[in-house]
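Notes to accompany the following structure.
Every number here is computed from the coordinates shown, using simple stated rules; none is lab data. Given the structure is predicted, the values throughout are model-derived calculations rather than measurements. Quick reminder, even Gly has a Cβ in these numbers, built from the backbone with ideal geometry, and neighbours come from all protein chains shown.
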């Protein structure tokens, strides 16, 4: 009875999720098309109509592709669960490994490889068709393959030991395994904050110290004003993969470093770069990063506790098309099932995280306006909206549901309230 009820709940929420996402996506497309012919008045003197229409077409293409991918991923989800795909995979893996840790890890590896193989043609299309159509792809096929291989190797080197630890805890540490696993997971996340910028990121990109002495002096003065210490200022060769531009700081504690995409430095004036960086530093000084980490730890603790309960319930497996094994541990299967269905059960909570993220963006903008010129940040944002083909006219409801950043018009309207001067056009 519980199994059937859980199956029905899962199917019902999956249908509801599909309906809501298609409704939001179709609203988004219609709204953008309705405003495609004219640049919004507040941007009319700064962004050409051709750039506005490119952004509209790019956003519509991405939205249509995401809706198609939603159908594919939903079909794959049903195939793995209710149609018996995971059950067949578990039987096949068990026949080759027998019970024990080899079975557990092999099942996770096999599932990961199959999922990656399914995603591969769509990743290729996204990079070499969709992004290329709008002039953003700079990646060669060789680099695409090399990145894929590097990701697989890093995943194996880092992920397999972590999975072994978690599975061992699930099997041998009793009913509170989820608490011990959470401690391990949290320690791993903190370690990655330190290791990623200095060990992993350089495997994919070249990082060179910022060579512009004048810009470096300007940035160091800004960091001194806001009380931020970093390990260095670096330029990343993002242009070898994409024409998109960005800036960020990464790391934790003494390992903090500031990174600029070379595409960003080529496009923005020094005062605009300073303003963009001031926004990023605002996230740090206002403790947004710490708050997000703490929130992530809290959410992961809750989910692991929930998994601790679900993995002991037969209906959790049978309701999702899997017969739990009697002669082998079902811990790996529980992890896979939980990871697969969690987005279906949590999708309607998405706006909560979006609201918090947009609040932090407004706060970081206000921080940047206090320590640099607000119109410099506005000018930089206008250039980035144009260069990245970010739509200026998103559907308000779609934006409220999904977007981690406020809509361009709302964000700039707030920023212009921080300066009495007229907003100068972007060059």
(message) Can you compute the helix-only [θ] at 222 nm over the chain? Use -39500 (n - 2.57) per DSSP H run of at least 4 residues, normalise by all residues, nearest 500 deg cm²/dmol.
(response) -22000 deg cm²/dmol
(request) Among DSSP beta bridges whose residues both lie in the range 188-314, state the antiparallel percentage, nearest 5. (result) 65 percent
(request) Go ahead and run the numbers for FRET between residue 314 and residue 83, Cβ-Cβ distance against an R0 of 22 Å, rounding to 0.05. (result) 0.65
(request) Give me the percent of DSSP beta bridges within the chain that run antiparallel, rounded to the nearest 5. (result) 65 percent
(message) Relative contact order of the chain, please, whole-number percent, based on alpha carbon pairs below 8 angstrom and at least 6 residues apart.
(response) 25 percent
(request) Report the full-extension gain for the segment residue 115 to residue 348: residue separation times 0.36 nm, less the Cα-Cα distance, to one decimal in nm. (result) 81.4 nm
(message) Using only Cα atoms and rounding to the nearest 10 degrees, what angle (0 to 90) does helix 288-310 make with the longest principal axis of the chain?
(response) 10 degrees
(message) If I fit a long axis through the Cα atoms of helix 160-172 and take the longest principal axis of the Cα atoms of the chain, what angle between them do I get, 0 to 90°, rounded to 10?
(response) 50 degrees
(message) How would the range 127-243 be classified by its alpha-carbon gyration tensor: rounded, prolate or oblate, with rounded meaning a/c under 1.5 and the a/b versus b/c comparison settling the rest?
(response) oblate
(message) Between helix 2-34 and the chain, what is the angle of the helix's C-alpha long axis to the longest principal axis, kept within 0 to 90° and rounded to the nearest 10?
(response) 20 degrees
(request) Any chance you could check the Cα centroid distance between the range 314-347 and the range 78-111 for me, in angstrom? (result) 12 Å
(message) Let me see the P(r) profile for the range 242-365: every Cα-Cα distance counted, bins of 5 Å, each bin given as a percent of all pairs.
(response) 2, 8, 13, 14, 12, 11, 10, 9, 8, 7, 3, 2, 0, 0
(message) In Å and on Cα atoms, what radius of gyration and Dmax does the range 1-68 show?
(response) 18.6, 64
(message) What is the distance in Å between the Cα centroid of the range 255-291 and that of the range 151-200?
(response) 30 Å
(request) Could you work out the relative contact order of the range 235-324, using alpha carbon pairs under 8 angstrom and six or more residues apart, expressed as a whole percent? (result) 19 percent
(message) Between residue 184 and residue 299, what is 0.36 nm times their sequence separation minus the Cα-Cα distance? Round to one decimal in nm.
(response) 39.9 nm
(request) Any chance you could get the radius of gyration and Dmax over the Cα atoms of the chain, in Å? (result) 23.9, 74
(message) Please report the spacing between the Cα centers of the range 46-62 and the range 10-43 in Å, no decimals.
(response) 16 Å
